[in-house]
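Okay, structure first, notes after.
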Amino acid sequence: MTDTRYTITELAREFEVTPRAIRFYENQGLLTPAREGTNGMRRVYSARDRTRLKLTLRGKRLGFTLLEVSRLLDLYDSPTGTVAQLHAFLDTIAAHRAVLERQLDDLNATLAELAVYEAQGRALLSANAEKRTRKAAGALTAQEKSAKVP
């Protein structure tokens, strides 16, 4: 049985990330490619590395920190039972959900404040436009009166 192997370029294309991003995840210890070629300059990624990259990118999309992603990947690689993995995963999700809900509350409060300021600004513009209209109408009336006087 032959192991599937990937180059950094193949993974970058597949997951629509830059090779630099993949090297970053490698430097963070999330990926561990084999080294081949002269002085080990060529990175060769395994199916395991591909899966870890896929999970890393999914975690980042969901807003997990790299530390959280790393912990989840360590659980994924752990030979222990899946019950502990699932509990840790659910704990991480619960903590992340709590943070997002707080942020959502903050955003909703900010949006409500912005709506009030926007309404006030529009009301001021409207009032200003009415004043100019009345002033212009008043000026026309004064000109008409002065034009009629012999």
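Every number in this text was worked out from the coordinates using simple rules, so none of it is lab data. In this text the structure is predicted, and so the values were computed from the model without any measurement. Cβ sites come from the backbone with ideal geometry, for glycine too, and all protein chains shown count toward neighbours.
The table for this structure:
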| read-out | value |
| --- | --- |
| Structure-derived P(r) over Cα pairs in 5 Å bins from 0, in percent: which label, when the choices are (1) 2, 9, 16, 20, 20, 15, 9, 6, 2, 1, 0, 0; (2) 2, 10, 22, 25, 22, 13, 5, 2, 0, 0; (3) 2, 7, 11, 12, 10, 8, 7, 5, 5, 4, 4, 4, 4, 4, 3, 3, 3, 2, 2, 1, 0, 0, 0 | (3) |
| In sequence order, calculated HN-Hα J values of the stretch 52-59 (Karplus, 6.51, -1.76, 1.60; Hz; x Gly/Pro) | 5, 5, 4, 5, 4, 5, 5, x |
| Computed helical MRE - 222 nm, the chain, DSSP H runs ≥ 4 contributing -39500 (n - 2.57), nearest 500 | -26000 deg cm²/dmol |
| Relative contact order (percent, whole number), the chain, Cα cutoff 8 Å, 6+ residue spacing | 14 percent |
| Spatially close lysines, pair count over the chain: Cα under 30 Å, gap of eight or more or interchain | 4 |
| HN-Hα J in Hz across the stretch 43-48 - Karplus 6.51, -1.76, 1.60, θ = phi - 60°, x for Gly and Pro | 8, 10, 9, 8, 4, 4 |
| The stretch 5-64: relative contact order as a whole-number percent, Cα under 8 Å and 6+ apart | 36 percent |
| Placed amide H near residue 31: partners under 5 Å, 5+ positions off or other chain | 26 |
| Per-peptide average of other Cβ atoms within 10 Å, ordering 46-58, 88-100, 14-26 highest first | 46-58, 14-26, 88-100 |
| Integer Hz, Karplus 6.51/-1.76/1.60 couplings in order for the stretch 12-23, x for Gly and Pro | 4, 5, 4, 9, 6, 10, 8, x, 4, 4, 5, 4 |
